[in-house]
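The values are calculated or read from the model by the stated rules, or taken from the named source; none is laboratory data. These numbers come from a predicted model, not from an experiment. In this analysis, Cβ positions are derived from the backbone assuming ideal geometry, glycine residues included, and neighbour counts consider all displayed protein chains. These area figures cover heavy atoms from the full protein model, side chains too; ligands, DNA and RNA do not enter into them. Shrake-Rupley method; radii C 1.70, N 1.55, O 1.52, S 1.80 Å.
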Amino acid sequence: MPNIVNSLKAELGEGAILSRSDVAKRAVSYWDNSPMQAKVLLRPKSTQEVSKILQICHAHRQSVVTHGGNTTCVQGTHSTENDIILSLERMNGITEIDTVAGTATLQAGAVLEVVQNAVKEKGLFLPLDLGARGSCTIGGNLATNAGGVNVLRYGMARSMVLGLEAVLPDGTIISSMDKMLKNNAGYDLKQLFIGSEGTLGIITNTIVKLMPCSTTTNTAFVALPDFKSVSQLLTYLKKNIGSNLSAFEVMWGSYYAAVTKPGGHRAPLDRTYPFYALFECDGSDPARDDERFLEVVETAFSDGLILDAVIPKSENERQSLWDIRDDFEDILQPKPVYLYDVSLSISSMEDYVKKVKYQLARLLPQSKVYVLGHVGDGNLHFFVQAGTEAGNSRHLSDLAIYEPLREYKGSISAEHGIGLEKKQWLSQTRSSAEIALMRLLKNTLDPYKILNPGIVVD
Ligand code: ZN
């Protein structure tokens, strides 16, 4: 059999291939600066080229790791010097925005923020939004079933997909590029690939559903006395604002204090409250929405649910409030810092966070922990600054986060996925029968285990 790199060069041309030394000039991910490793990195320009690459790799039993924007938080694109990386960076086009049907047809490598802006120019809105919007790609968003800040109203990435095209490990192209809202013709195959973290096929194109742009956006940043008020405020907002409530983000006091310390974000409210919430409502009734929103915030204040509030008067002010939630650079030092994305019922959150803090103080006494989350979705993020370089700090931190989660029957991953990082904890959230079915699917579609090897399940 000829050398695989020569076969790939003959198929794709030299320009599509980066050598091992060029690959090493790239960083592993947003979270890991160490040099990327691979035999070569391939940059196909079309689904047909992706198919050809996989046919060749399948024949050679060659492992392939797919890259979108490399913003994975769970080592979901882990590669070794023996792997080939397939990057979708040159398949980044917006093929069509259909303003009548309300759909966007996209290549998998399109950057989320570029798509958001293009759609907005046409008076439409893609509800998928997350902190990594400037780098992450649609293909990666779908492969990981991304969540983010608008899930409360619009659901996870999965709920926005109408059509999908993916290439199987043997090169077969599965094209289900439908625009139809309803299609019950047999298995909904696209759902196999969404959230499978690139282990069953490579997503190459998609059609996503768009919404009309809202004409009003109302935002408030508030301080709260305790967690009971946080959950009461959420219930109150759902009842009084209904489905217009698009985001309900909560920050524990220590997170807010850390990111607004001198040199960080400007603090819009005093830095000593126990909890802060950032919530937002999108609507389409300019005559009433603003007034109604103010009324609701004022009533929450007079009822004692909130202690103080800021309502932005301009888009810049709104953005600076969101930056407090989205830009947490200040707590990413000193390293190592471990990030988590667990999910559990809101009614258990306060107890759970207390138990995590207790376990961290016991297992990693020098650690610091910062908590925030999409509380409206039951999703918490923890940043654990381990406070020690000791090799087992990652495991001790994992124990402190995951062990107490058992009794609440929560999920070890709300939105980041499993990757390599959480694989050993998968059995805490999924039953042995569920994991066996995952393995059966993997072995059926990818018998030589060439796609994203070692990710999710072995
Ligand atoms: Zn998140």
Checklist entry - What does the charge dipole of the chain about its Cα centre add up to, to the nearest 20 debye, if the Cβ of each Lys and Arg holds +1 and the Cβ of each Asp and Glu holds -1? => result 1040 debye
Next on the checklist: When a/c reaches 1.5 or more, the comparison of a/b and b/c decides; with that in mind, is segment 315-429 rounded, prolate or oblate per its Cα gyration tensor?
Outcome noted: oblate
Item to check | Under the Karplus curve 6.51 cos²θ - 1.76 cosθ + 1.60, θ = phi - 60°, whole-Hz ³J(HN,Hα) for segment 87-104, x wherever Gly or Pro sits | outcome: 9, 8, 4, 9, 10, 10, x, 9, 6, 7, 10, 9, 6, 7, 6, x, 9, 10
Item to check | Accessible area per residue in Å² at 1.4 Å probe, computed on segment 178-236 | outcome: 44 Å²
Next on the checklist: With angles folded into 0 to 90 degrees, how steeply does helix 112-121 sit against the dominant principal axis of the chain? Use alpha carbons for both and round to 10.
Outcome noted: 70 degrees
Checklist entry - When the Debye formula is applied to the Cα atoms of segment 60-192, each taken as the same point scatterer, what base-10 log of I(q)/I(0) results at q = 0.15 Å⁻¹? => result -0.78
Checklist outcome for this item: On the accessible surface of segment 126-174, probed at 1.4 Å with all protein chains in place, carbon and sulfur together account for a percent value of 51 percent
Checklist outcome for this item: Summing -39500 (n - 2.57) over every DSSP H run of at least 4 in the chain, dividing by its residue total and rounding to the nearest 500, the 222 nm mean residue ellipticity is -9000 deg cm²/dmol
Checklist outcome for this item: Whole-number value, in Å³ per residue, for the convex hull of the alpha carbons of segment 205-334 is 144 Å³
Item to check | Residue-normalised accessible area of segment 1-149, expressed per residue, 1.4 Å probe, Å² | outcome: 42 Å²
Next on the checklist: Give me the Å³ per residue figure for the convex hull around the C-alpha atoms of segment 228-275.
Outcome noted: 86 Å³
Next on the checklist: I'd like the Kirkwood hydrodynamic radius of segment 265-344, using the inverse of the mean 1/r over distinct C-alpha pairs, in Å.
Outcome noted: 15.4 Å
Item to check | Order by protection proxy (mean Cβ within 10 Å, highest first), peptides 384-397, 304-317 | outcome: 384-397, 304-317
Checklist entry - Of the beta bridges DSSP finds with both residues in the chain, what % are antiparallel, to the nearest 5? => result 85 percent
Checklist entry - Quick one: Kirkwood hydrodynamic radius for the chain, alpha-carbon pairs, angstrom, one decimal? => result 23.3 Å
Item to check | With Cα atoms, 0 to 90° folded angle of helix 289-302 axis to the chain main axis | outcome: 60 degrees
Item to check | Sites matching chymotrypsin sites (Phe, Trp or Tyr not before Pro) across segment 162-255 that sit in DSSP coil, with at most 11 neighbouring C-beta atoms within 10 Å | outcome: Y187
Next on the checklist: Just want the answer: with Cβ charges of +1 for Lys and Arg and -1 for Asp and Glu, which residue in T72, I241, I346 is farthest toward the dipole's positive end in the chain?
Outcome noted: T72
Item to check | Å² per residue, accessible surface of segment 341-458 at 1.4 Å | outcome: 44 Å²
Checklist outcome for this item: Of the candidates A390, N443, G410, the farthest towards the positive dipole end of segment 370-458 (Lys/Arg Cβ +1, Asp/Glu Cβ -1, centred on the Cα centre) is N443
Next on the checklist: Compute and list, largest first, the equivalent-ellipsoid semi-axes of segment 366-458 from the alpha carbon gyration tensor, each √(5λ) rounded to a whole angstrom.
Outcome noted: 28, 17, 12
Checklist outcome for this item: Applied in sequence order to segment 265-272, the curve 6.51 cos²θ - 1.76 cosθ + 1.60 (Karplus, θ = phi - 60°) yields integer Hz couplings, x standing for Gly and Pro, of 5, 5, 7, x, 10, 3, 8, 10
Checklist outcome for this item: Applying the gyration tensor rule to the Cα atoms of segment 299-360 (axes a ≥ b ≥ c; rounded if a/c under 1.5, else prolate if a/b exceeds b/c, else oblate), the class is oblate
Checklist entry - Within segment 12-98, what percent of beta bridges assigned by DSSP are antiparallel, to the nearest 5? => result 35 percent
Item to check | Label-point gap, in nm, between S314 and A287 - each point 7 angstrom along Cα→Cβ | outcome: 3.0 nm
Item to check | Accessible surface of segment 416-458, 1.4 Å probe, proportion on carbon and sulfur as whole % | outcome: 58 percent
